[in-house]
1. Just to confirm the filter: which chymotrypsin sites (Phe, Trp or Tyr not before Pro) across the stretch 244-339 are DSSP coil and have at most 11 other Cβ within 10 angstrom of their Cβ?
2. Taking H placed 1.01 Å from N in the peptide plane, check which residues at least 5 places from Val129 or on another chain put their amide H under 5 Å from its amide H.
3. Order of Ser417, Ser51, Ser240, Ser276 from fewest to most other C-beta atoms within 10 Å?
4. Which ³J(HN,Hα) values, rounded to whole Hz and listed in residue order, are derived for the stretch 261-274 from phi using the Karplus coefficients 6.51, -1.76 and 1.60 in 6.51 cos²θ - 1.76 cosθ + 1.60 with θ = phi - 60°, glycine and proline given as x?
5. Each residue of the stretch 82-87 in order: what ³J(HN,Hα) in whole Hz does its phi give by Karplus 6.51 cos²θ - 1.76 cosθ + 1.60, θ = phi - 60°, with x for Gly and Pro?
6. Where the eigenvalues come from the Cα gyration tensor of the stretch 251-488, what are the semi-axes √(5λ) of the equivalent ellipsoid, largest first, in whole Å?
7. Scaled to the compact-protein estimate 2.2 N^0.38 Å, what is the alpha-carbon radius of gyration of the chain, rounded to two decimal places?
8. Which percent, nearest 5, of DSSP beta bridges in the chain are antiparallel?
Amino acid sequence: PNKVTNIACIGAGYVGGPTMAVIAQKCPHIKVTVVDINPERIADWNDTDLSKLPVYEPGLDQVVAEARDRNLFFSTDVESAIREAQMIFISVNTPTKTYGVGKGMAADLKYVELCARQIAEVATEDKIVVEKSTLPVRTAQAIRTILDSSTDAMPGVSPRFSVLSNPEFLAEGTAVKDLHNPDRVLIGGEEDEDGQRAMEALVEVYANWVPRERILTTRIWSSELSKLTANAFLAQRISSINALSALCEKTGADVDEVAHAIGTDTRIGPKFLKASVGFGGSCFQKDILNLVYLCRHFNLPEVADYWEQVVKLNDYQKHRFTKQIIDTLFNTVSGKKIAFLGWAFKKDTNDTRESAAIYVADELLQDHAEIHVYDPKVPAVRIYADLEYLQAHRRPQFVIATPTIRGMQSDAPATLSSQEIRQLVHVHKTPYAATEKAHAIAVLTEWNEFRTYDWQKIYDAMRKPAFVFDGRNILDREELKKIGFEIKGIGKG
Ligand code: NAI
């Protein structure tokens with residue numbers, strides 16, 4: 001009776017799309033319908049031209065090609081999908097609040113709440129509701145309250161709801177690989193009989209391709225908190241190595257050598273120790289701020305301050321990189337052409353949310369630079385939208401921190417108009433066009449192809465001295481120096 005044959009997922013984004021595509025691929029006996037209120041997104045998921053999928057992930061096109069219209073469907077009809085499904089994943093966005101109580105810190109749960117209300121309104125039969133979005137601890141309680149209040153309101157029909165927490169641990173850029181072969185799947189459920197039965201039903205779904213011992217089941221609060229904790233630990237490693245990269249630059253040490261030396265200690269491990277211009281992505285910062293907010297809410301200020309430092313250090317790293325560019329270019333970039341290689345927050349994704357590139361560009365624009373961008377997967381409209389969004393949504397901490405972090409006087413950032421942004425930022429179709437006549441190149445994303453360019457040709461077309469600021473430490477420093485570049489990396493003393 002527990003066998004699930006019909007799944008709905010609300011939210012066809014970077015998580016909902018790939019996770020459901022893989023569930024459908026691996027479970028041909030389950031009909032999977034992914035719904036979204038954004039009709040363009042759904043149209044793109046349904047496009048016969050697989051290069052138009054709204055999410056770029058290596059291998060995703062093949063998974064979609066295999067399952068789509070067999071047992072995987074994308075639709076805007078949220079109500080029908082809810083009505084027909086036995087199990088409903090909530091996979092909508094949970095961004096940082098930009099207004100009111102908890103502004104700039106707390107997760108905005110309005111989209112999740114809307115989903116719960118819609119499920120409550122539409123459902124006439126029992127449903128298992130799965131939290132796939134990353135949520136603050138105890139959100140399941142809020143969802144349950146909303147679901148249960150509707151059953152009171154509908155006499156005669158009394159569907160029963162179970163709420164599960166099933167956070168997603170995929171990393172963008174390797175989503176399909178991570179989903180095919182996850183380190184673990186985490187499922188948290190309520191402790192009563194219904195809760196246990198619901199957990200078993202979801203375990204059954206994953207067991208179609210994930211070994212049982214990698215499917216962990218926990219209490220629901222532990223599961224919710226584990227996702228925030230995982231992201232906090234991951235981001236903390238990056239901020240830790242980035243903090244030391246600053247010291248490396250002062251002392252003549254090389255951060256990559258230090259990272260390798262400590263990473264061979266099995267207690268530390270080699271992964272996630274790459275110094276860079278700073279982490280981006282939609283999750284790390286948002287989830288840590290959310291964790292910090294929770295700690296403050298529960299009156300744990302020391303714990304809150306500890307984790308907040310991870311985000312502050314990341315802001316510092318982005319400023320430090322920008323400041324190095326300005327300092328090196330003789331203390332001004334006004335009217336100078338800075339070429340950006342990369343805009344995505346990491347390689348192998350078209351996602352740009354919270355990308356370091358946005359912040360570095362903004363700060364260079366404050367100093368009146370001209371920016372010329374090339375990214376293999378990010379279109380110009382996205383780049384302009386990111387910069388425009390930042391003008392309206394600077395985090396308060398960011399504004400206050402700026403002058404002290406830079407260690408020099410600077411004005412509070414000016415708000416740039418769309419017109420100014422379009423005058424100063426140019427997006428190119430090739431790296432050669434972006435770097436032509438540039439005073440400096442800044443590498444913001446670690447795309448593999450950046451290593452293989454004709455760097456002699458780039459050098460020849462640049463202004464001299466030709467500076468390269470490698471924010472990802474991916475280029476061959478010796479080779480570039482031989483050509484004549486002045487190259488600066490992160491943590492290269
Ligand atoms: P996204 O913004 O790419 O996708 C969310 C989608 O939900 C959007 O297409 C939006 O139109 C849709 N939506 C919002 N409200 C809706 C409603 N009421 N009905 C139907 N559709 C609705 O977000 P993304 O990146 O997929 O993240 C979703 C959640 O997963 C977030 O909580 C995030 O923290 C979490 N997560 C994200 C990861 C990532 O790598 N992006 C990894 C792990 C978790």
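1. Numbers: sites: Phe272, Phe279, Phe284, Tyr293, Phe298, Tyr306, Trp307, Tyr316, Phe321, Phe330; in loops: Phe272, Phe279, Phe298, Phe330.
Passing sites in the stretch 244-339 are Phe298, Phe330.
2. Correct list: Ile88, Ser162, Val163, Leu164.
3. Values: Ser417 11, Ser51 7, Ser240 16, Ser276 29.
Ascending Cβ contact count within 10 Å gives the list Ser51, Ser417, Ser240, Ser276.
4. 5, 7, x, 6, 6, 5, 6, 8, x, x, 7, 6, 10, 8
5. In residue order, the calculated couplings are 5, 4, 7, 7, 8, 10 Hz.
6. Working: eigenvalues 167, 107, 57 Å².
Those come to 29, 23, 17 Å.
7. So the chain has a normalised radius of gyration of 1.03.
8. Numbers: 4 of 51 bridges.
Rounded to the nearest five, the antiparallel share is 10 percent.
Only the coordinates and a few stated rules stand behind these numbers; no lab work does. Since we're looking at a predicted model, the values are computed, not measured. Backbone-built Cβ (ideal geometry, glycine too); neighbour counts: all protein chains shown.
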